[in-house]
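Encoded as structure tokens, the structure appears first; notes follow it.
Bear in mind that the values in this text are calculations on the coordinates, not laboratory data. Model, not experiment: these values are computed from the prediction. Don't worry about glycine lacking a Cβ; one is built from the backbone with ideal geometry, like all the others, and counts go over all protein chains shown.
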Amino acid sequence: MALTLISTPLDITTADTAVATVDITSGIDGTYDSYEFHFVNMHPSIDNAEFQFQVNASNDTGGDFTSSLITSTFFNAYNREGNEGAGLAYDTYYDQAQSGGSSVFTGGFQLLARYIGLDDDQCCSGVLTLYAPSSTTYVKHFTATVSSTYKTEYYFNNYIAGYINQTLATPEIRFKMGSGNIDAGTIKMFGVS
Amino acid sequence: MALIHIASVTASASATVSFTTGIDATYNEYQFHFVNMHPASYGDWTFQVNATDGADYNDSLITSTHFKTYNREAPADTFLGYMAGHDQAQGAAYQIMFNGVDNAADSGCSGVLTLYAPSSTTYVKHFTSRVQSIHGGNYSQNAFVAGYINDTTAIDEISFKFHSGNIDAGTIHMYGVG
């Protein structure tokens, strides 16, 4: 496997101006069969933030990332610095069924990390893999593994996967916090060959 | 190429394998690919780090999760569950990435540990790992371990070992992702 760095759409610290969204609108095409988005030390501007993503299909480029339907699974392992309440569980609150569910964000954004703490040293890091986004035949599968610190010293290791129920190409992707801004972090996009 | 090879170490009856150079701010993500780590005796595959103000791989506090899935060659015996005995809550011990690697001649464990932004002096250090091995009793076992090193000092050294006995054989490759 070879990873080829395509772009670094975000690379800011808390000393920089926070951003509301990170939109990648070029470079996701038929060059590679799968793409990896590596996000490191994503730090929110408010407590209890929820890091998430959604895509635009080719018939909605430049759109508002609200038109693609996602069906997904979400489970996590968790622990706490005080060793209270460690476990492994499926979380029906953060999966989606055709972008419907008990906690679906506007536009059907898929949650990657929940309740990220605002403490100076708290953040989340992980990798989202998007398979064959340029296919015009198949739905678009994705998987993600995320390591995240919760506001009250809980720790979450999230495993998210699903498909974007869209047979059009999906050349654009947006990352954001559910509310508030991205105060710091790095996102790099790689092609996998 | 964005997966940049930095160093490789091949163990041969080694108590530990350590990387003491090359972990710095050059990359904000490092991957350690370990292949066929074979223990001298039945053992847990583990790691711990040194911050720039540490020396003995025993004072960086880790909070982590550990779950696994397994099946047996025969008769079938399947499982998916959390392993409370192998996680840590502000623990300074070596983190178990795989519990109970068999030391039969054809056994060993392989996997990848990802360490995020070790040189940060602002954030805790997140890590994730996934390890596949033969567990004693002819079990195929897949362990998922993740957590954070609760230290805002830069991390510049990492050590791998079995919790008892030597690393009889195996190679660890360190890559930067950039």
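Here are some notes:
- Those GluC sites (Glu not before Pro) in the stretch A:1-91 that DSSP places in a loop and that have at most 12 other beta carbons within 10 Å: A:GLU84
- Distance from the stretch A:1-31 to the stretch A:118-170 (C-alpha centre basis), Å: 15 Å
- In angstrom, the C-alpha Rg and Dmax of the protein assembly as shown are 20.2, 60.
- Listed by chain and number, the aspartates and glutamates whose alpha-carbon sits under 20 Å from that of B:LYS161, ignoring those within fewer than 8 places in the same chain, are B:ASP44, B:ASP56, B:ASP59, B:ASP87, B:ASP102, B:ASP106.
- The stretch B:26-47-the stretch B:132-156 distance, computed between alpha-carbon centres (Å): 9 Å
- Counting beta carbons within 10 Å around each of A:PHE37, B:PHE127 and listing the fewest first gives the order A:PHE37, B:PHE127.
- Size of the stretch A:1-124: Rg and Dmax of its alpha carbons, in Å, are 16.5, 50.
- Distance histogram in 5 Å bins (all Cα pairs of the stretch B:117-178, percent per bin): 4, 12, 16, 23, 20, 13, 8, 3, 1
- Fewest-first ranking of B:HIS5, B:HIS173, B:HIS135, using other Cβ atoms within 10 Å as the exposure measure: B:HIS5, B:HIS173, B:HIS135
- Chain B, relative contact order in percent, only Cα pairs under 8 angstrom and at least six apart counted: 43 percent
- For the segment A:146-157, counting C-beta atoms of other chains within 10 Å of every residue's C-beta and taking the mean gives 5.
- Theoretical FRET efficiency, 1/(1+(r/R0)^6), r = Cβ-Cβ of A:THR13 and A:ASP64, R0 30 Å, to 0.05: 0.60
- Of all lysines in the structure, those lying under 22 Å Cα to Cα from A:LYS140, and not within fewer than 8 positions of it along the same chain, are A:LYS176, A:LYS188.
- Over the stretch B:30-178, the fraction of Cα-Cα pairs per 10 Å bin, rounded to whole percents and listed from the shortest bin up, is 12, 42, 34, 10, 2, 0.
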